[in-house]
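Derivation of every value follows stated rules applied to the coordinates shown; laboratory data play no part. Everything numeric in this text was worked out from a predicted model, so none of it was measured. Don't worry about glycine lacking a Cβ; one is built from the backbone with ideal geometry, like all the others, and counts go over all protein chains shown.
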Amino acid sequence: MNKHFLALHQFTREELDDLFLFAKELKAKQKKGIPHRLLEGKSIALIFEKSSTRTRISFEVGAYQLGAQPLFIASGSSQMGRGEPIRDTARVISRYCDGIMIRTYGQEILEEFARYSTAPVINGLTDRFHPCQIMADLFTVIEQKGRYQGLKFAWVGDGNNMANTWIEAAAIFGFQLTLACPQGYEPDPTVLAWARGKGAGNIILTHDPKEAARDADVISTDVWASMGREEEQKEREIAFAGYQVNEGLLDLAQGNCMLLHCLPAHRGEEITNDVLEGPHSAVWDEAENRLHIQKAIMAWLME
């Protein structure tokens, strides 16, 4: 088991499958009211450079349910916001805390922090990867469809951190993945190259959302302009016209197709309200499962 949880490509399929089983066990205990304070007396620092709803609350509540003390740290209110070197902050905080979660911009910030930290570091989101979210998404698919093997997954929208992490997941788990992204908004080419270097012939990149959605078992999307890209909103609205997940797109998918969205959603842009609130939507279960998969990750690294 890797010391840190920075990206899915650090792990084997077997290790990640074990995390799904662990999350299932912890979720069952929580639903039955069975205490599972595996991290009693420990603490985890939660460092945020980006705003958050689901990440902050799920990590804070999850740490509490595991018996650990969560410490919320807004980077702007700490010495990091005044220019203290990342390596210095990492060496100090990891002497105080048993684990650290970081939600930041550059993947390189996270990786430098992890190099100098003596405590496990978890990626709560970077511009390049969002591993906790994709693990929650796949955990939701396993719960509702019984498996991920043999399913066809579709990504419709921006080639962002979510798309990059779906590519990692497809290469590791072996399921079929088709990504439909506008020209100029494709996923990170180095991530695609890594996946194809693993012999992953199961990943298709297209500019046609209908091609991605056709016969899909799972369709996933995200906002057109992620955090830090808001100034591009107007030009992205033009580039992403036709990339909306709506009833017409769902009609091309399997009849029992599952819809995923990492939230927050911009109804009427990347997704319509009737689809988000409709019978195919699993987004609220998906959001809840952030709690359970992250508890498994924290306990696995910190116990």
Compute the helix-to-body angle for 131-145: its Cα long axis versus the longest principal axis of the chain, expressed 0 to 90° and rounded to tens. 60 degrees
Percent of C-alpha pairs per 10 Å bin, the range 133-286, short to long: 12, 45, 36, 7, 0
If you take the C-alpha gyration tensor of the chain, multiply each eigenvalue by 5 and take the square root, what semi-axes do you get, largest first, in whole Å? 31, 22, 18
Would you mind checking the tilt of helix 107-116 against the longest principal axis of the Cα atoms of the chain, expressed as 0 to 90 degrees and rounded to 10? 30 degrees
Relative contact order [Cα under 8 Å, 6+ residues apart], the chain, whole percent: 20 percent
Answer with one residue from Ala63, Met80, Thr118: the one whose Cα lies farthest towards the positive end of the charge dipole of the range 18-121, charges on Cβ with Lys, Arg +1 and Asp, Glu -1. Ala63
When the Debye formula is applied to the Cα atoms of the range 18-80, each taken as the same point scatterer, what base-10 log of I(q)/I(0) results at q = 0.21, 0.23, 0.24 Å⁻¹? -0.90, -0.99, -1.03
Multiplying the sequence separation of Ile34 and Glu108 by 0.36 nm and subtracting their Cα-Cα distance, what value in nm do you get? 22.7 nm
Nearest 10 degrees is fine. How inclined is helix 54-65 to the longest principal axis of the chain, computing both from alpha carbons? 50 degrees
Quick check: residue separation of Arg13 and Ser51 times 0.36 nm, minus the Cα distance between them. What number comes out in nm? 10.6 nm
Counting other Cβ atoms within 10 Å, which GluC sites (Glu not before Pro) in the range 1-63 have at most 11 and lie in a DSSP loop? Glu40
Residues meeting the amide H criterion for Leu46 (H placed from the backbone, H to H distance under 5 Å, 5 or more places apart or on another chain) are Leu71, Phe72, Ile73, Met101
